[in-house]
Amino acid sequence: RRRIVSEPLLAEYAYVLKEGGLLYAITDVEELHKWHVAKLDAHNCFEKVDLSDDDAYVNAITQETEEGKKVTRQGGHMKDGSKYAAVYRRVRFEGAVELWPE
């Protein structure tokens, strides 16, 4: 399957995200959310960030995008309107080449 969270793509995301940058993984499919979390947890360039209820980006993605509105309208994958989000921060991997020298 083609996924936006996979080992090769996480390497690409780590390359383009500056240290401290955030990666948001949001879906209406619980199994896919678990997949995202498992892959991101296993990657040494990302650490999970506690998700707050008032995260403006999560709220915008889940409520203001066309896809977010469609899930709300149609009930999403599970027909109950559930949306699952995870946020990860790009961290320095010891031994990695410095991509953005200070």
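The values are calculated or read from the model by the stated rules, or taken from the named source; none is laboratory data. From a predicted model like this one, the values you see are computed outputs, not experimental measurements. Cβ sites come from the backbone with ideal geometry, for glycine too, and all protein chains shown count toward neighbours. For accessibility, only protein heavy atoms count, side chains too; no ligands or nucleic acids. Shrake-Rupley method; radii C 1.70, N 1.55, O 1.52, S 1.80 Å.
A few notes on this one:
- Residue within the stretch 15-27 that is among the polar types (S, T, N, Q), in a strand (DSSP E or B), open to solvent by less than 40 Å² (accessible area, probe 1.4 Å) and touching a residue at least 12 places away in the same chain (Cβ under 8 Å) present: yes
- Restricting the first member to the stretch 37-55 and to residues that are free of Cβ contacts under 8 Å to residues at least 12 places away in the same chain, and the second to residues that are open to solvent by 30 Å² or more (accessible area, probe 1.4 Å) and among the basic types (Lys, Arg), the beta-carbon pairs closer than 8 Å and six or more apart or on different chains are Asp41/Lys48.
- Considering Leu40, Leu51, the condition of being under 30 Å from Glu94 (Cα atoms) and either in contact with a His (Cβ under 7 Å, 6 or more places away or on another chain) or modelled with pLDDT of 90 or more (or both) is satisfied by Leu40 alone.
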